[in-house]
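As structure tokens, the structure follows; a few thoughts come after it.
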Amino acid sequence: MGASEVEMARTEVVFREVNERIGETAQRFASSEAEFVCECADPDCADRIDLPLAEYEQVREHPTHFLLCAGHEVPAIERVIRRRRGYAVVDKFQSTVARIARNADPRRVRRTRRPRVEPA
């Protein structure tokens, strides 16, 4: 695993963080969709993806899934698992990149939190 793959993963994680804030803002204003940024590995990418919030939430169900504009995939670290109108959802399969994605998942706490059971 080279430094370039780690940098790609970090770039994608930053874009995912931006999209989390976009999604939260859209929900706060009761919007049903938003304009998300491409979560690709190119730090200079400024492409946008119009997406219903429900579809964005489907992507976010898995910490290794990312939202990319069609054609922005990097086959060495990710595979396309779903294509839609102008965008793709990818899964990070390369072990180091997947670990970075999981560890930096902004929803990690919510995923691992278990309901507290009060004693009777």
| So is V109 among the aliphatic types (A, V, I, L, M), at pLDDT below 95, out of contact with any Leu (no Cβ under 8 Å at 6 or more places or on another chain) and part of a helix (DSSP H, G or I) or not? | yes
| Restricting region 86-100 to residues that are closer than 16 Å to V37 by Cβ and among the aliphatic types (A, V, I, L, M), the residue that is surrounded by the most Cβ atoms within 10 Å (Cβ to Cβ) | V90
| All positions within region 12-50 that are over 11 Å from the mean Cα position of the chain (by Cα), under 23 Å from F93 (Cβ atoms) and open to solvent by less than 60 Å² (accessible area, probe 1.4 Å) | A41, C45, I49
| field | Any chance R116 is at pLDDT 95 or above and either in a loop (DSSP other than H, G, I, E, B) or within 23 Å of R21 (Cα to Cα) (or both) | value | no
| field | Single unsatisfied condition, E5 versus (1) of a type in the set (D, E, K, R); (2) open to solvent by 80 Å² or more (accessible area, probe 1.4 Å); (3) modelled with pLDDT under 95 | value | (2)
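Which ones in region 1-25 are in a loop (DSSP other than H, G, I, E, B) and touching a residue at least 40 places away in the same chain (Cβ under 8 Å)?
Keep residues of region 1-25 that are in a loop (DSSP other than H, G, I, E, B), which gives 1-2.
Correct list: M1 only.
The values are calculated or read from the model by the stated rules, or taken from the named source; none is laboratory data. Treat the numbers as computed from the prediction; the structure is a model and nothing was measured. Because the Cβ atoms are built from the backbone with ideal geometry, glycine has one as well, and the counts that use them run over all protein chains shown. Surface areas here come from the heavy atoms of the whole protein model, side chains and all, with no ligands, DNA or RNA. Shrake-Rupley method; radii C 1.70, N 1.55, O 1.52, S 1.80 Å.
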